[in-house]
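The values are calculated or read from the model by the stated rules, or taken from the named source; none is laboratory data. Please read these numbers as outputs of a predicted model, since none were measured by experiment. When we count neighbours, we look across all protein chains shown, and the Cβ atoms used for this are built from the backbone with ideal geometry, even at glycine. These accessible areas exclude ligands, DNA and RNA; they are computed on the full protein's heavy atoms, side chains included. Shrake-Rupley method; radii C 1.70, N 1.55, O 1.52, S 1.80 Å.
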Amino acid sequence: MSGLNKFSKAALTVSVRLIIYTVLAVAVWAGVKEVYRFGHDIFYDQAVEEEPGRDIMVTIKDDMEVKDVAEILYDKGLINNKLAYRLQAKFFNYSVKAGTYTLNTSQTIRQLLQAINSGEENAGNVGEKSN
């Protein structure tokens, strides 16, 4: 009977370890996928929609900061990732200028940043996109 007890204990130990290793492997895989997606959002300048996209009016007030603008752009469907917008604004040293802008869902984050940084209302029109 003690031989069977030892075998059961060993089988249970191996099973628990396999479950733990499987959970860890799945967690690492999910983490890698998320890190890749986040890095892609930051470094690959992409638009929410293909051209011609949709024009959307956005009003930026004097007291707004980059994080407030990121929230508005996200809510209006102009960006997919608020943190990527904020990091690019900081990295490229863009600021927020109050005004009413016509932005387009086919504009990249960089183009949106340039439009809002320019302070020229309606500077974000599709015909005036820059690289």
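Of the numbered criteria (1) closer than 28 Å to Thr102 by Cα; (2) modelled with pLDDT of 90 or more, the one Tyr21 fails is (1).
Test Val48 against the stated conditions and say whether it is β-branched (Val, Ile, Thr) and within 15 Å of Gln107 (Cβ to Cβ). When the stated conditions are applied, Val48 passes them. Determine if region 102-114 includes at least one residue that is over 18 Å from Phe38 (Cβ atoms), under 19 Å from the mean Cα position of the chain (by Cα) and open to solvent by 60 Å² or more (accessible area, probe 1.4 Å). For region 102-114, residues over 18 Å from Phe38 (Cβ atoms), under 19 Å from the mean Cα position of the chain (by Cα) and open to solvent by 60 Å² or more (accessible area, probe 1.4 Å): absent. Counting the residues of region 30-49 that are assigned to a helix (DSSP H, G or I) and either open to solvent by less than 90 Å² (accessible area, probe 1.4 Å) or modelled with pLDDT of 95 or more (or both) gives 8. Of all residues in region 14-41, those that are under 22 Å from Ala89 (Cβ atoms) have Cβ atoms under 9 Å from Cβ atoms of residues that are outside any helix (DSSP H, G or I) and of a type outside the set (A, V, I, L, M, F, W, C), 6 or more apart or on another chain, in Arg37/Asn81; Phe38/Asn81; His40/Gln46; Asp41/Asn80; Asp41/Asn81. Filtering region 50-75 to residues that are open to solvent by less than 50 Å² (accessible area, probe 1.4 Å) and hydrophobic (A, V, I, L, M, F, W, C) leaves Ile56, Val58, Ile60, Met64, Val66, Val69, Ala70, Ile72, Leu73. Checked against (1) modelled with pLDDT under 95; (2) of a type outside the set (Asp, Glu); (3) touching a helix residue (DSSP H, G or I) at 6+ places or on another chain (Cβ under 8 Å), Arg54 passes all but condition (3). Output the number of residues of region 56-105 satisfying the condition of being basic (Lys, Arg) and outside any loop (DSSP other than H, G, I, E, B). Final tally of qualifying residues: 4.
Within region 83-101, the set of residues being open to solvent by less than 80 Å² (accessible area, probe 1.4 Å) and in contact (Cβ under 8 Å) with a residue 40 or more places away in the chain comprises Ala84, Leu87, Gln88, Gly99, Thr100, Tyr101.
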